1. Please compute the net charge surrounding ASP124, taking Lys and Arg as +1 and Asp and Glu as -1 over other residues with Cβ under 14 Å from its Cβ.
2. Taking the 0 to 90 degree range and rounding to the nearest ten, how far is the long axis of helix 50-63 tilted relative to the main principal axis of the chain, both from C-alpha atoms?
3. Select from GLY95, GLN37, GLY17 the residue farthest towards the positive end of the dipole of the chain; place +1 on Cβ of Lys and Arg, -1 on Cβ of Asp and Glu, and compute about the Cα centre.
4. By average Cβ neighbour count within 10 Å, what is the ranking of 41-51, 177-187 from highest down?
5. Taking only Cα atoms, what is the 0 to 90° angle, nearest 10, from helix 224-246's long axis to the longest principal axis of the chain?
6. First compute the accessible area of the chain with a 1.4 Å probe, then give the percent of it belonging to carbon and sulfur atoms.
7. Please list, ordered by chain and number, the residues whose modelled amide H lies under 5 Å from the amide H of ALA161; skip anything fewer than 5 residues away on the same chain.
8. Sorted by average packing, counted as other Cβ atoms within 10 angstrom per residue and highest first, what order do 196-204, 89-97 take?
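The values are calculated or read from the model by the stated rules, or taken from the named source; none is laboratory data. Here the structure is a predicted model, which means the values were calculated and not measured. No Cβ is skipped: glycine too gets one built from the backbone with ideal geometry, and neighbour counts run over all protein chains shown. SASA here: full protein model, heavy atoms, side chains in, ligands and nucleic acids out. Shrake-Rupley method; radii C 1.70, N 1.55, O 1.52, S 1.80 Å.
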Amino acid sequence: MKLSRRLQLILEQIPTGSRLADIGSDHALLPVAAAQQGVIVSAVAGEVNPGPYEAALKQVKESGMTEVIHVRKGDGLDVIAPGEADVITIAGMGGSLISAILGRGEDKLGSVRRLVLQPNVGEDTLRAWLLERGWVLIQELILEEDGKIYEILVAEPESAAAISNDEVYQERMLPGGSMLTREWLLRFGPWLTRKPEPVFYDKWRLELDKMARILDSLSRSELPAAAVKAEDMKAEMNVIQEVLACLPKDKL
């Protein structure tokens with residue numbers, strides 16, 4: 001099965017021999033490809049919406065993988081039992097929603113040794129949730145596909161990770177004098193800032209453009225609250241610009 005580059009990168013983060021739970025599986029493309037490539041020994045494809053659930057059932061049946069992949073209808077981690085999966089993938093949702101799904105199903109995470117998460121927005125919210133709940137971000141990937149920029153976060157439990165959260169989120173001074181604090185590492189991505197790729201800069205230039213448009217709108221308001229928000233946004237934009245200027249650009 002030919003996957004999109006985004007799904008292929010997610011697949012590459014799944015260790016061989018895993019028992020996978022793909023939450024919000026849509027057409028079950030990821031678990032089917034993982035099964036066909038011999039990466040997983042079993043999978044649950046979870047989907048809460050009737051249309052995608054039916055599509056997943058059809059996809060799994062046509063692939064001949066019904067013995068390996070079980071398609072289940074349900075909300076979030078309700079589709080799996082404790083101990084049933086050791087890798088969970090969730091892709092294509094907001095970071096807040098992914099955090100909420102993991103939080104509601106936290107009793108199912110005891111046997112999980114890896115989370116592979118692809119938030120469409122709110123990456124910082126998801127990083128903060130992982131940090132607070134004792135999950136260590138071991139890798140981050142960023143890519144552009146079909147005009148959209150995606151980040152993939154890979155996390156392991158503190159008890160199993162080869163690195164600690166204190167190491168991952170250690171504040172560091174950049175050449176030029178800008179300090180990457182924990183707050184800003186959560187925002188930018190601790191691994192993405194170590195060897196930033198061109199698409200990383202593209203993302204943050206787009207973010208600055210969006211903020212500039214908001215700032216322009218605020219400048220036309222006479223409300224005192226708008227002036228305060230504008231000053232806060234200017235300060236935020238200044239930090240982003242300083243960090244982007246100080247990060248290495250070897251790949252540009």
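1. -3
2. 60
3. Projecting each Cα onto the dipole axis, the largest value belongs to GLN37.
4. 41-51, 177-187
5. Long axis of 224-246 versus the principal axis of the chain: about 80 degrees.
6. C and S fraction of accessible area: 51 percent.
7. none
8. 89-97, 196-204
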